[in-house]
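Quick notes on the structure that follows.
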Amino acid sequence: MHEFVELVKALAWPVTLLIGVCTLRSELRLFMTRISEAISQAAQITVGRRGVDIKLAQRITAVNTRVTAVQAMQIQTRTAHRLKHSDQTATKVPDELLVLASQYCGLQIADYRTRLHRKNALALEMGEIVVRSRLDRALLSSHKDEALALALTAATIAEPRAADFDLVLDASTWCKRLHVRYRIVLAISVLINEGLTPPSSGGEIQQALTTMSEGADQPLINIITDTKALMDSDCGW
């Protein structure tokens, strides 16, 4: 009898565990199924010739690009919204904008970070002037001047307009400075994010991004890659 009692004690925990697992098996299966579905939906898992193709990284990149575009708009408009806008549209490029454009082209600062900070500050100031003066943005593009193209992109980032699309893409064909190209791509991402690009413009944008990728440094390569991901994810191009 004593041996029987000891045997029962020894088997009690394994039997209890087995019963618990059997009871929870359906709940565990349901839980794992839901987790799998959630992961599949988030990652857009598809099965093709190469097997399982997980697009999660691309979607995350697209989200990051969207955040970058929104942050750029917030920075550019933070001061612009506090400025008093002109009651009339400027018919020529303001002198103060030309002065800043000249400063940009002649900028010589050895330290990279300091130089980049100054370039961004000048872009911010030029964009504010364009927005404040209600300058016809086509005038900026017509000059074929990279500093004025930078002013155009800054204005587009601050107050994006559908009409900016052709002007920005035109600038992508002749602007060579990497910093200006970076801002052009950023302006394009803002236009995409705001739904201000024509539905059939995917090919044009891809061509512009390809053109600007020639001789690109790593920051430019990164934003071009991110913008392509934004196009694929958001616009279905």
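A few remarks follow.
- Out-of-range pairs (alpha-carbon distance over 20 Å; input 92/176; 92/144; 119/228): 92/176; 119/228
- Integer Hz, Karplus 6.51/-1.76/1.60 couplings in order for segment 216-229, x for Gly and Pro: 6, 8, 5, x, 5, 4, 4, 6, 5, 4, 5, 5, 4, 5
- Packing here is the average count of other Cβ atoms within 10 Å per residue, and on that basis the peptides 177-187, 144-154, highest first, run 144-154, 177-187.
- Gain upon complete extension [residue 117, residue 211; 0.36 nm per residue less C-alpha separation]: 31.3 nm
- Inter-site label distance for residue 176 and residue 161 at 7 Å from Cα along Cβ, in nm: 3.0
The numbers here are math on the coordinates, done by the rules we state, and not lab data. Predicted model only: the values in this text are computed from it and were never measured. Because the Cβ atoms are built from the backbone with ideal geometry, glycine has one as well, and the counts that use them run over all protein chains shown.
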